[in-house]
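The values are calculated or read from the model by the stated rules, or taken from the named source; none is laboratory data. All values reported here derive from a predicted model rather than from experimental measurement. A quick note on method: Cβ atoms are made from the backbone with ideal geometry, for glycine too, and the neighbour counts reach across all protein chains shown. For accessibility, only protein heavy atoms count, side chains too; no ligands or nucleic acids. Shrake-Rupley method; radii C 1.70, N 1.55, O 1.52, S 1.80 Å.
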Amino acid sequence: MAASPQRFALFDQDISQDWAELYAGADALAVDTEAMGLVHGRDRLCLVQISDRADNVCCIRIHRGQTEAPGLQRLMEAATITKVFHFARFDVAALGEGLGIAVKPLFCTKLGSRLARTYTPRHGLKDLVNELCGVELDKSSQSSDWGRVEDLSEAQLAYAANDVRYLLPAMDQLTLMLQREGRLELARRCFGCVPVLSELDRHHFHNTFEH
């Protein structure tokens with residue numbers, strides 16, 4: 001079971017200035033989102049979670065009808081900070097659809113896992129973190145009502161925090177594996193395709209590249 005983060009904060013609608021400054025000097029930030037469902041344009045963005053290498057974790061509650069979060073946008077679009085997601089395709093689309101944020105640059109641990117961990121079909125976050133970080137994640141709150149942003153349970157917040165806390169060490173391990181196997185440049189090119197795929201998802205184009 002994962003321990004509590006070193007420092008935790010919960011914000012409404014946008015990240016605070018002092019936490020934005022805390023994160024601004026990072027080389028990489030782990031990011032995750034929670035939404036009402038998986039259909040962009042129908043299922044709204046509800047929560048954004050961020051963690052740095054010092055295990056400082058914050059959650060930002062996104063309210064119904066909210067269309068912007070300037071502080072968060074500056075952070076997500078900062079060219080000097082790599083944003084690390086697990087299945088970035090969904091999160092990048094959710095941030096773009098909900099808040100008009102164009103995430104860049106990025107690293108996707110699910111894509112990285114598929115290219116590096118070819119010895120297993122298990123590329124979910126729980127399996128990845130268990131193998132690379134030695135931590136057993138509790139996923140019991142994964143399917144829950146994230147729309148109740150003003151009344152999220154402790155279990156929901158703990159789940160949300162843990163979903164980002166191990167992405168940076170997982171990225172570091174995957175980078176070493178990709179480099180060892182000669183696939184790091186291929187992975188980087190794949191990461192560069194994510195915003196395009198996310199844009200197609202937002203406009204509900206499916207199987208666009210199939211014959």
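Looking at (1) among the small types (Gly, Ala, Ser); (2) open to solvent by 60 Å² or more (accessible area, probe 1.4 Å); (3) on the phi < 0 side of the Ramachandran plot, find the lone condition where GLY41 falls short.
Every listed condition holds for GLY41 apart from (3).
For region 112-139, name all the residues that are in a helix (DSSP H, G or I), without any contact (Cβ under 8 Å) to a residue 60 or more places away in the chain and under 15 Å from the mean Cα position of the chain (by Cα).
Initial filter on region 112-139 (in a helix (DSSP H, G or I)): 112-116, 125-133.
Restricting the remaining residues to those that are without any contact (Cβ under 8 Å) to a residue 60 or more places away in the chain gives 114, 125-133.
Once the filter is applied, which keeps residues that are in a helix (DSSP H, G or I), without any contact (Cβ under 8 Å) to a residue 60 or more places away in the chain and under 15 Å from the mean Cα position of the chain (by Cα), region 112-139 yields LEU125, LYS126, LEU128, VAL129.
Could you grab the pairs with beta carbons closer than 7 Å, sequence gap of 6+ or different chains, first residue in region 153-171 and closer than 18 Å to ARG114 by Cα, second one of a type in the set (Ser, Thr, Tyr) and part of a helix (DSSP H, G or I)?
Qualifying pairs under 7 Å: LEU167/THR109; ALA170/THR109; MET171/THR109.
Within region 23-32, is there a residue that is of a type in the set (Val, Ile, Thr) and assigned to a strand (DSSP E or B)? Working first, answer last.
Taking region 23-32 first, the residues of a type in the set (Val, Ile, Thr) are 31.
Going one step further and asking which of them are assigned to a strand (DSSP E or B), we end up with 31.
Yes, region 23-32 has at least one match.
Look at THR109 and say whether it is open to solvent by less than 60 Å² (accessible area, probe 1.4 Å), of a type in the set (Val, Ile, Thr) and touching a residue at least 40 places away in the same chain (Cβ under 8 Å).
So THR109 fits the description; yes.
Checking THR175 against (1) over 25 Å from MET76 (Cβ atoms); (2) in contact (Cβ under 8 Å) with a residue 60 or more places away in the chain; (3) β-branched (Val, Ile, Thr), only one condition comes out false. Which one?
(1)
Do we find that VAL149 is of a type in the set (A, V, I, L, M) and closer than 20 Å to ALA88 by Cα in this structure?
Taking the combined requirement at face value, the residue does not satisfy it.
Among the residues of region 66-101, write down those that are of a type in the set (Gly, Ala, Ser), more than 21 Å from ARG42 (Cβ to Cβ) and part of a loop (DSSP other than H, G, I, E, B). Break it down into steps so the answer makes sense when it comes.
Pass one, region 66-101, residues of a type in the set (Gly, Ala, Ser): 69, 71, 78-79, 88, 93-94, 96, 98, 100.
This time we only want the ones that are more than 21 Å from ARG42 (Cβ to Cβ), so: 71, 78-79.
Within region 66-101, ALA78, ALA79 qualify.
Name the single residue, out of those in region 77-93 being within 21 Å of HIS204 (Cα to Cα) and of a type in the set (A, V, I, L, M), that is nearest to the chain's Cα centre (by Cα).
Residue satisfying both the conditions and the ranking: ALA88.
Could you please give the count of residues in region 200-209 that are in contact with a helix residue (DSSP H, G or I) (Cβ under 7 Å, 6 or more places away or on another chain), within 16 Å of ALA94 (Cα to Cα) and open to solvent by 60 Å² or more (accessible area, probe 1.4 Å)?
The total comes to 1.
When only residues in region 1-26 that are in contact with a strand residue (DSSP E or B) (Cβ under 7 Å, 6 or more places away or on another chain) and without any contact (Cβ under 8 Å) to a residue 40 or more places away in the chain count, which is least open to solvent (accessible area, probe 1.4 Å)?
Checking each candidate, the answer is TRP19.
So CYS193 passes all but one of these: (1) surrounded by fewer than 14 Cβ atoms within 10 Å (Cβ to Cβ); (2) more than 29 Å from GLU131 (Cβ to Cβ). Which condition number does it fail?
Unmet condition: (2).
Could you tell me which of the residues LEU115, LEU176 is more than 27 Å from GLU68 (Cβ to Cβ), open to solvent by 60 Å² or more (accessible area, probe 1.4 Å) and either among the aliphatic types (A, V, I, L, M) or touching a His at 6+ places or on another chain (Cβ under 9 Å) (or both)?
LEU176
Filter region 62-76 down to residues that are open to solvent by 60 Å² or more (accessible area, probe 1.4 Å) and free of Cβ contacts under 8 Å to residues at least 40 places away in the same chain, then give me how many there are.
Within region 62-76, residues that are open to solvent by 60 Å² or more (accessible area, probe 1.4 Å) and free of Cβ contacts under 8 Å to residues at least 40 places away in the same chain number 3.
Within region 178-211, work out how many residues are of a type in the set (Phe, Trp, Tyr) and touching a residue at least 40 places away in the same chain (Cβ under 8 Å). I'd like the intermediate steps shown before the answer.
So the first thing to find is which residues in region 178-211 are of a type in the set (Phe, Trp, Tyr), and the list is 191, 205, 209.
Applying the additional criterion that residues be touching a residue at least 40 places away in the same chain (Cβ under 8 Å) yields 191.
Qualifying residue count, region 178-211: 1.
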